[in-house]
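The values are calculated or read from the model by the stated rules, or taken from the named source; none is laboratory data. The structure displayed is predicted, hence computed values, not measured ones. Positions of Cβ are backbone-derived with ideal geometry, glycine not excepted, and every protein chain shown enters the neighbour counts. Protein only, heavy atoms only, side chains kept; ligands, DNA and RNA dropped before computing areas. Shrake-Rupley method; radii C 1.70, N 1.55, O 1.52, S 1.80 Å.
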Amino acid sequence: MPRRRPFRAAEAVAAVLLLAVGTACGSRLPESDFEGRDRATSSQDSGAPIRVGVITSATSPVGGNAFTGPRDGAKAYFERLNARGGIDGRRVEVRECDDGGSGVGNNTCVHRLIDEDKVVALVATTSLDYAGASRVSHARVPDIGGQPIGAAYDTWPHLYGIYGSLAPRNGTTGWGGKQYGGTEVYRYFKREHGARTAAVVSYNQAASAAYARLVEQGLKAEGYRVVSEQVDFALPNFRAVAADLKEQGADLVLDAIDSHGNARLCEAMDDAGVEVTAKVTNVQNWTSTVPDDYKDAPRCRNALWATGSSRDYEDTDHAAVREFRDATKGLRTHSQWQLEGWAAAMWFTDAAKSCAEAETGITRACVDGFMNRSEEYTAGGLLVPVRFERLAEPPESRRTCLSVARWEDGRGWVSQGDMNSTCFDVPQLPYEQ
């Protein structure tokens, strides 16, 4: 059956953000600080609000709004839920915490939300440095629908990333420290659009270069001719890159650079008259701000494609998307990360509703039990079917589905086929974060 892996979007985000801020650091609190506590707590009194925590690197060094989409989507869902009576007559009370993009700040947020606010679960976590992940896991607090910017969601039990996981999650990342991801994005553009030559643009910076190598590995596995383009991080010469892209006849352009760099690259491509099948971006850049971000590059702007694991937030023919858009119509901008935050909140709600009908009531343990099932979850059709398994060995291949959209001026992001039928049997390649 079709499945999706927590790869590509996650690594793109991690690489691009790490190159902007350097290696994030933070101290982990000793295990003794939280051993011996009642780990199945947070069964709140009947009628009392149900507390959930949302940790976001809202004021991280990479700038405001880089991480706030999932938070805003989750809050919008809970606001609508409360307006309709909450869960079994109880309001959901959202406790937010901004970790500032640091490990120290993240540990502080985890301590406050788990130990002081006694939240039942974390929802839509979006942290640049999830240093407190081990503490969340040891406290057995379910973390539902978080963005896998780092490796935490393929490392720790009780953490349930928005894209699922097949890894053992026993405290060691992936399988023996390696994670695995597929080549479905490259297979899609090769089979559906005849692409044969792909350029990968990166900075001469460790995280950016490492992600570029990962992309190149996947492209080569799919039989592409790969053109490597690296620019200086401090003084990037995108004009030279654009000239070479034209000379090499690239069909696709993929990158491991930041949003500002992408905009400058697109401007240079337009100036040089570069025409490509697709300038491929990731789910974090799947936003309504494209006209402003790429205002000086109309040709490149209309060659932007995004791929991901959730239904296009512009696909209002779908009932679940219409509800999301109606509830978020007051937001200044819209994004795919907002929709995924909305889906994460729905996931928690479905878990909590099942627990409200059980003898235990809504507890951390009950919610965690719902999440830990092997059944697939789609958030009403918003997600490619997600599941959690603990495979002893990494899969050699998987049938993987993806959501694809293309930007068109005047129309916005236009879905390209249905995500549940855009599926490929692809190899799974190892990588390290």
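Does ALA131 qualify as being at pLDDT 95 or above, surrounded by 24 or more Cβ atoms within 10 Å (Cβ to Cβ) and in contact with a Pro (Cβ under 8 Å, 6 or more places away or on another chain)?
Considered against the rule, which asks whether it is at pLDDT 95 or above, surrounded by 24 or more Cβ atoms within 10 Å (Cβ to Cβ) and in contact with a Pro (Cβ under 8 Å, 6 or more places away or on another chain), ALA131 comes out as no.
Within segment 359-382, restricting attention to residues that are out of contact with any helix residue (DSSP H, G or I) (no Cβ under 6 Å at 6 or more places or on another chain), of a type outside the set (D, E, K, R) and open to solvent by 30 Å² or more (accessible area, probe 1.4 Å), which residue is modelled with the lowest pLDDT?
Filtering first and then ranking leaves SER374.
Quickly run through segment 188-197 and pick out the residues that are more than 24 Å from the chain's Cα centre (by Cα), within 23 Å of ARG399 (Cβ to Cβ) and open to solvent by less than 50 Å² (accessible area, probe 1.4 Å).
GLY194, ALA195, listed by residue number.
What are the residues in segment 289-302 that are touching a Phe, Trp or Tyr at 6+ places or on another chain (Cβ under 8 Å) and buried (at least 18 other Cβ atoms within 10 Å of the Cβ), if any?
Residues satisfying the conditions are VAL290, CYS300, ARG301.
Inspect all residues belonging to segment 286-298 and state whether any of them is over 26 Å from LYS190 (Cβ atoms), assigned to a helix (DSSP H, G or I), under 26 Å from the mean Cα position of the chain (by Cα) and touching a residue at least 24 places away in the same chain (Cβ under 8 Å).
For segment 286-298, residues over 26 Å from LYS190 (Cβ atoms), assigned to a helix (DSSP H, G or I), under 26 Å from the mean Cα position of the chain (by Cα) and touching a residue at least 24 places away in the same chain (Cβ under 8 Å): present.
Would you point out which residue out of ALA392, ALA343, ALA352 is modelled with pLDDT of 95 or more, hydrophobic (A, V, I, L, M, F, W, C) and open to solvent by 30 Å² or more (accessible area, probe 1.4 Å)?
ALA392
All but one of (1) in contact (Cβ under 8 Å) with a residue 60 or more places away in the chain; (2) open to solvent by 20 Å² or more (accessible area, probe 1.4 Å); (3) within 30 Å of VAL384 (Cβ to Cβ); (4) not charged (D, E, K, R) hold for GLN205; which doesn't?
(3)
Looking at segment 77-131, which of the residues that are of a type in the set (S, T, N, Q) and within 19 Å of the chain's Cα centre (by Cα) is farthest from GLY47 (Cα to Cα)?
Filtering segment 77-131 for residues that are of a type in the set (S, T, N, Q) and within 19 Å of the chain's Cα centre (by Cα), the one farthest from GLY47 (Cα to Cα) comes out as SER102.
Any chance segment 324-333 includes a residue that's open to solvent by 30 Å² or more (accessible area, probe 1.4 Å), under 28 Å from ALA278 (Cβ atoms) and part of a helix (DSSP H, G or I)?
yes
Exactly one of these conditions fails for PRO385: (1) open to solvent by 40 Å² or more (accessible area, probe 1.4 Å); (2) over 22 Å from LEU304 (Cα atoms). Give me its number.
Condition not satisfied by PRO385: (1).
Please specify each residue of segment 144-162 satisfying the condition of being in contact (Cβ under 8 Å) with a residue 40 or more places away in the chain, crowded, with 24+ Cβ neighbours inside 10 Å and outside any loop (DSSP other than H, G, I, E, B).
ILE144, GLY145, GLY146, TYR153, ASP154, TYR160 - these are the residues of segment 144-162 that are in contact (Cβ under 8 Å) with a residue 40 or more places away in the chain, crowded, with 24+ Cβ neighbours inside 10 Å and outside any loop (DSSP other than H, G, I, E, B).
How many residues are open to solvent by less than 20 Å² (accessible area, probe 1.4 Å) and touching a helix residue (DSSP H, G or I) at 6+ places or on another chain (Cβ under 6 Å) if we restrict to segment 48-80?
So the answer is 10.
From the residues in segment 274-285 that are part of a loop (DSSP other than H, G, I, E, B) and out of contact with any Ser or Thr (no Cβ under 9 Å at 6 or more places or on another chain), which one is least open to solvent (accessible area, probe 1.4 Å)?
Among those residues, the one meeting the criterion is VAL274.
If VAL185 meets every condition in (1) open to solvent by 10 Å² or more (accessible area, probe 1.4 Å); (2) of a type in the set (Val, Ile, Thr); (3) in contact with a Ser or Thr (Cβ under 7 Å, 6 or more places away or on another chain) apart from one, which number is that one?
If we test VAL185 against (1) open to solvent by 10 Å² or more (accessible area, probe 1.4 Å); (2) of a type in the set (Val, Ile, Thr); (3) in contact with a Ser or Thr (Cβ under 7 Å, 6 or more places away or on another chain), just (1) comes out false.
Which pairs have Cβ atoms under 6 Å, sit 6 or more apart or on different chains, and link a residue in segment 396-411 that is within 15 Å of ASP315 (Cα to Cα) and modelled with pLDDT of 95 or more to one that is buried (at least 23 other Cβ atoms within 10 Å of the Cβ) and aliphatic (A, V, I, L, M)?
The qualifying pairs are SER403/MET419; ALA405/ALA306; TRP407/LEU304.
Could you please find all residues in segment 363-397 being among the aromatic types (Phe, Trp, Tyr) and either under 18 Å from the mean Cα position of the chain (by Cα) or not in a helix (DSSP H, G or I) (or both)?
Passing the criteria: TYR377, PHE388.
Just to be sure, is THR173 farther than 24 Å from THR56 by Cα and either surrounded by fewer than 24 Cβ atoms within 10 Å (Cβ to Cβ) or of a type in the set (S, T, N, Q) (or both)?
Against the criterion (farther than 24 Å from THR56 by Cα and either surrounded by fewer than 24 Cβ atoms within 10 Å (Cβ to Cβ) or of a type in the set (S, T, N, Q) (or both)), THR173 does not qualify.
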